[in-house]
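Engineer: Sharing a structure below in C-alpha cells format, with a few things to ask.
The values are calculated or read from the model by the stated rules, or taken from the named source; none is laboratory data. Every value quoted in this text rests on a predicted model; they were computed, and no experiment measured them. We place every Cβ from the backbone using ideal geometry, glycine too, and count neighbours over all the protein chains shown. Side chains are part of the model used for accessible areas, which takes the heavy atoms of the whole protein and leaves out ligands, DNA and RNA. Shrake-Rupley method; radii C 1.70, N 1.55, O 1.52, S 1.80 Å.
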Amino acid sequence: ANSTVSYGDTDVLNTTFGDLDASGWLSLVLILFGFLLMIFDIVGADLAMNLVLLLMVVFKILPIQLAISGYANSGLLTVVVLFVVAAGFTSTGGADYFIIKLLGSSNDVMLAQVRMCLIAAAISSFINDTPVFLIMLPIVLTWTAKMQLNIRQFLIPLSYCCLLGGLNTSIGTSTNLVVTGQFNEKVLNPLSPYHQPGLKP
C-alpha cells in the first residue's frame with residue numbers, strides 16, 4: 001500500500017502542483033498545447049503528439065533516449081504492422097468482397113445489425129480494431145444504401161462491436177498491446193522492482 005513509483009529523485013505519487021518546478025509547469029503547458037491542437041483539429045493527432053515530444057526534448061524536459069524509447073515499444077510496432085496488414089487487406093479488394101458476401105442481404109434491421117456486429121467483432125479480434133472500423137465503414141455505408149436500411153442504426157453498433165471484438169485478443173486493440181508490453185517490461189523483467197517470478201507473457 002505504501003509502494004511508490006520514482007522518477008529520478010522525485011516521488012511521483014506524492015508530487016503536487018506546489019512541488020512543480022519550471023520544467024514541470026512547462027510540461028503541463030505543452031501537454032495542454034497538444035490537446036488543443038487535437039481538439040481544434042489544427043494538425044493530426046500523430047503530428048501533435050510528436051510535436052509535443054519534440055518540444056519536450058528541445059526544452060530539456062526529457063532526455064532524448066527516453067523520448068525515443070517509446071518508438072521501440074513492441075506494442076506500438078505491433079499496431080504499425082497490423083495497420084500495414086489491414087491496408088493490404090483493403091487495397092487488394094479482398095475485404096470488400098469477403099465482408100459483403102458475409103453481410104448478405106436482409107431488409108430486417110435487427111438481423112442485419114447482428115450479422116454486421118458478429119463480422120466486425122470476429123475480424124477485429126485478429127486485426128487491430130481501429131483499422132477494422134476504417135475498413136468496414138465504407139463497406140457498411142454502401143451495403144446499407146443498397147439494402148435501403150437507415151445508416152444511423154448501424155454506425156454506433158459497428159464502432160462498439162469493433163471495440164468489443166478487439167478485447168478478445170492481445171493484438172485486437174492497442175490498449176491490450178500497451179498493457180502486454182508494460183507487463184513484459186515491468187513484471188517479467190528480473191531487474192524490475194515489480195518482478196514476479198513464475199509468471200508467463
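Engineer: Six or more apart or on different chains, Cβ atoms under 7 Å: show the pairs whose first residue is in the range 180-194 and among the β-branched types (V, I, T) and whose second is open to solvent by 50 Å² or more (accessible area, probe 1.4 Å).
Structural biologist: Close Cβ pairs satisfying both conditions: T180/S170; V187/Y194; V187/H195; V187/Q196; V187/L199.
Engineer: Separate question: Quickly run through the range 36-46 and pick out the residues that are exposed (fewer than 13 other Cβ atoms within 10 Å of the Cβ) and either assigned to a helix (DSSP H, G or I) or in contact (Cβ under 8 Å) with a residue 12 or more places away in the chain (or both). Full working, then the answer.
Structural biologist: Quick first cut of the range 36-46, residues exposed (fewer than 13 other Cβ atoms within 10 Å of the Cβ) only: 36, 39-42, 44-46.
Listed by number, the residues that qualify are L36, I39, A45, D46.
Engineer: If A145 meets every condition in (1) in a helix (DSSP H, G or I); (2) surrounded by 13 or more Cβ atoms within 10 Å (Cβ to Cβ) apart from one, which number is that one?
Structural biologist: Unmet for A145, out of (1) in a helix (DSSP H, G or I); (2) surrounded by 13 or more Cβ atoms within 10 Å (Cβ to Cβ): (2).
Engineer: Among the listed residues N168, N176, which satisfies the condition of being surrounded by 13 or more Cβ atoms within 10 Å (Cβ to Cβ), in contact with a helix residue (DSSP H, G or I) (Cβ under 8 Å, 6 or more places away or on another chain) and part of a loop (DSSP other than H, G, I, E, B)? Break it down stepwise before answering.
Structural biologist: On the way: N176 fails: part of a loop (DSSP other than H, G, I, E, B).
The match here is N168.
Engineer: If you don't mind, another one. Looking only at the range 115-131, decide whether some residue is more than 30 Å from G70 (Cβ to Cβ), of a type in the set (K, R) and exposed (fewer than 14 other Cβ atoms within 10 Å of the Cβ).
Structural biologist: no
Engineer: Shifting gears a bit: In the set L32, L26, which member is open to solvent by less than 80 Å² (accessible area, probe 1.4 Å), in a helix (DSSP H, G or I) and at pLDDT 80 or above?
Structural biologist: Checking each option against the conditions leaves just L26.
Engineer: So L20 passes all but one of these: (1) over 19 Å from the mean Cα position of the chain (by Cα); (2) under 25 Å from Q182 (Cβ atoms); (3) open to solvent by less than 80 Å² (accessible area, probe 1.4 Å). Which condition number does it fail?
Structural biologist: (2)
Engineer: Which of the numbered conditions does V12 fail, given that it passes all the others? Conditions: (1) of a type outside the set (D, E); (2) in contact with a strand residue (DSSP E or B) (Cβ under 8 Å, 6 or more places away or on another chain); (3) modelled with pLDDT of 75 or more.
Structural biologist: For V12, the failing item is (3).
Engineer: Only one of these is open to solvent by 80 Å² or more (accessible area, probe 1.4 Å), more than 25 Å from Q148 (Cβ to Cβ) and of a type in the set (S, T, Y): S91, S105. Name it. Let's see the steps before the verdict.
Structural biologist: Working: S105 fails: more than 25 Å from Q148 (Cβ to Cβ).
Just a single option satisfies the conditions, and that option is S91.
Engineer: Follow-up question, since we're still on this one. Would you check if Y160 is among the aromatic types (F, W, Y), open to solvent by 40 Å² or more (accessible area, probe 1.4 Å), within 19 Å of the chain's Cα centre (by Cα) and at pLDDT 85 or above?
Structural biologist: Answer is yes for this residue.
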